[in-house]
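Reading through the structure tokens given below for one structure.
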Amino acid sequence: MSARTDAEAAYFALLRAIDERDALLRERDYLHAERDRLDAFAEELRHGETALPRPPTRAVSATTKPLLEALGSRRAAVIEALDRVDERIEAAEAFVTECEAEHQRLRSG
């Protein structure tokens, strides 16, 4: 391959690395927002149930517990993904840095 072709390949690798890093940053933002939405919904569910008159409370209560359990399972999955995403972002940042250095080296040399 020619030096120009190598530099172009490095440039496109850099663009892909940046796209992947940016996707991870968007994923982290989504996960934080999703955790907050789930927390707010669960709190609203608990609060709303206490305001109901007695007769419909039993029918609503019968579905509240399974719903809160499902929310808890989803929240746990979100938290687990959040625990891993920062490490993935760090790796992506390091790869972007490597790609930038390689592209710069090929362009100048």
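Below are the figures for this structure:
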| item | result |
| --- | --- |
| Search result, residues across segment 25-53 that are in a helix (DSSP H, G or I) and aliphatic (A, V, I, L, M) | Leu25, Leu31, Ala33, Leu38, Ala40, Ala42, Leu45 |
| Evaluation of Val85 against (1) modelled with pLDDT under 85; (2) under 30 Å from Ala10 (Cβ atoms); (3) surrounded by 13 or more Cβ atoms within 10 Å (Cβ to Cβ) (one fails), failing number | (1) |
| Some residue of segment 35-49 being surrounded by 12 or more Cβ atoms within 10 Å (Cβ to Cβ) and in contact (Cβ under 8 Å) with a residue 40 or more places away in the chain | yes |
| Unmet requirement for Ile18, which otherwise passes all of (1) aliphatic (A, V, I, L, M); (2) at pLDDT 95 or above; (3) loosely packed, with under 10 Cβ neighbours inside 10 Å | (3) |
| Whichever residue in segment 50-61 is exposed (fewer than 12 other Cβ atoms within 10 Å of the Cβ) and among the aliphatic types (A, V, I, L, M) and, among such residues, is modelled with the lowest pLDDT | Ala51 |
| Filter pass, Glu8 being closer than 30 Å to Gln104 by Cβ, part of a helix (DSSP H, G or I) and at pLDDT below 95 | yes |
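Let's see how each residue does on (1) assigned to a helix (DSSP H, G or I); (2) modelled with pLDDT of 95 or more; (3) surrounded by 15 or more Cβ atoms within 10 Å (Cβ to Cβ):
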{"site": "Ala23", "(1), (2), (3)": "yes, yes, no"}
{"site": "Thr63", "(1), (2), (3)": "yes, no, no"}
{"site": "Gly72", "(1), (2), (3)": "yes, yes, no"}
{"site": "Ala77", "(1), (2), (3)": "yes, yes, no"}
{"site": "Cys99", "(1), (2), (3)": "yes, yes, yes"}
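The values are calculated or read from the model by the stated rules, or taken from the named source; none is laboratory data. Since the model is a prediction, treat every value here as computed from it, not as a measurement. Ideal geometry is used to build each Cβ from the backbone, glycine not excepted, and the neighbour counts take in all protein chains shown.
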